[in-house]
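Okay, handing you the structure first.
The values are calculated or read from the model by the stated rules, or taken from the named source; none is laboratory data. Computed from a predicted model, the values in this text were never measured in an experiment. Cβ placement follows ideal geometry from the backbone for every residue including glycine, while neighbour counts extend to all protein chains displayed.
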Amino acid sequence: MLALGGLLWIGVRRGGIPAALFVPRAADWWIDPLAGVGAAAVLLFTWWVARLIPLARELEATLRERLGPLTLGEAYGLALLSGIAEEVFFRGAMQPAWGFLLATVIFAALHSGRGRAMALWTSSALAAGAVLGALVLWRGGLFAPIVCHVLVNAVQLRRLLVDKPAADAATPPAA
């Protein structure tokens, strides 16, 4: 629904949905995927360092619990769908209409919850939203931020599945 709402918003504001929003420019097409991968590497490295803080590990446990059991395919599907939908809505529709700052703050606010650990999630979403928004400002389209967002979500969701505590991993899923 988020992606459809974003596409509708874009279509109404622009009188259509330009292919250039999703397809890198032909002359320098390779910059967008590399920029997306590079930005994802920076965000993932930053989180890897943050995991040294107990609060970050508490956040991961909270997210793991809230996600519940996922297969690897479900995790990758969730990463793909959420990355595309959120970029279409926040960076494709909201950022051009309301600006970089407001789109970034609203993106972060929607990644929130109760408790100190969830406040860490909100602040990391604020930083990630700023990186994703900056990619749009730099490249003019959604290809680079979609690549970045999908990669970050895929790596993080896979890691949450793989790094389950031994007790969780030994418990068979409910039928």
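Would you check which residues across segment 92-123 are under 15 Å from Asn153 (Cβ atoms) and surrounded by 15 or more Cβ atoms within 10 Å (Cβ to Cβ) and list them? Don't jump to the end; show me each part of the working.
If we filter segment 92-123 for residues that are under 15 Å from Asn153 (Cβ atoms), which is where we start, we get 107, 110-111, 121.
Selection gives Phe107, His111, Trp121.
Let me ask something else. If I ask for residues that are among the hydroxyl-bearing types (Ser, Thr, Tyr) and either in contact with a strand residue (DSSP E or B) (Cβ under 8 Å, 6 or more places away or on another chain) or closer than 18 Å to His111 by Cα (or both), which ones from segment 47-82 would you list?
Initially, segment 47-82 is screened for residues among the hydroxyl-bearing types (Ser, Thr, Tyr), giving 62, 71, 76, 82.
Residues satisfying the conditions are Thr62, Ser82.
Kindly provide the set of residues from segment 23-50 that are in a loop (DSSP other than H, G, I, E, B) and touching a helix residue (DSSP H, G or I) at 6+ places or on another chain (Cβ under 6 Å), ordered by number.
Kept after step one, since they are in a loop (DSSP other than H, G, I, E, B), are these residues of segment 23-50: 23-30.
Once the filter is applied, which keeps residues that are in a loop (DSSP other than H, G, I, E, B) and touching a helix residue (DSSP H, G or I) at 6+ places or on another chain (Cβ under 6 Å), segment 23-50 yields only Pro24.
Restricting the first residue to segment 130-145 and requiring it to be modelled with pLDDT of 95 or more, which pairs with a second residue that is surrounded by 18 or more Cβ atoms within 10 Å (Cβ to Cβ) and outside any helix (DSSP H, G or I) meet a Cβ separation below 6 Å and a spacing of at least six or different chains?
Short answer, once both residue conditions are applied: Phe143/Pro24.
Here's a follow-up. Just name the residue that is farthest from Phe22 (Cα to Cα) out of those in segment 66-120 that are of a type in the set (D, E, K, R) and in a helix (DSSP H, G or I). Step through it out loud before you land on a result.
From segment 66-120, those of a type in the set (D, E, K, R) are 66, 74, 86-87, 91, 114, 116; that's our starting set.
Imposing the further condition that a residue be in a helix (DSSP H, G or I) reduces the set to 66, 74, 86-87, 91, 116.
Values: Arg66: 32, Glu74: 24, Glu86: 14, Glu87: 11, Arg91: 12, Arg116: 36 Å.
Residue satisfying both the conditions and the ranking: Arg116.
Is at least one residue of segment 29-40 at pLDDT 95 or above, acidic (Asp, Glu) and farther than 22 Å from Ala93 by Cβ?
no
Is it the case that segment 17-26 has a residue that's farther than 18 Å from Ile146 by Cα and touching a residue at least 60 places away in the same chain (Cβ under 8 Å)?
No, the conditions are met nowhere in segment 17-26.
Residue check: is Arg51 of a type in the set (D, E, K, R), without any contact (Cβ under 8 Å) to a residue 40 or more places away in the chain and either out of contact with any Lys or Arg (no Cβ under 8 Å at 6 or more places or on another chain) or within 20 Å of Ala125 (Cβ to Cβ) (or both)?
Values: of a type in the set (D, E, K, R): yes; without any contact (Cβ under 8 Å) to a residue 40 or more places away in the chain: yes; either out of contact with any Lys or Arg (no Cβ under 8 Å at 6 or more places or on another chain) or within 20 Å of Ala125 (Cβ to Cβ) (or both): yes.
So Arg51 passes the test.
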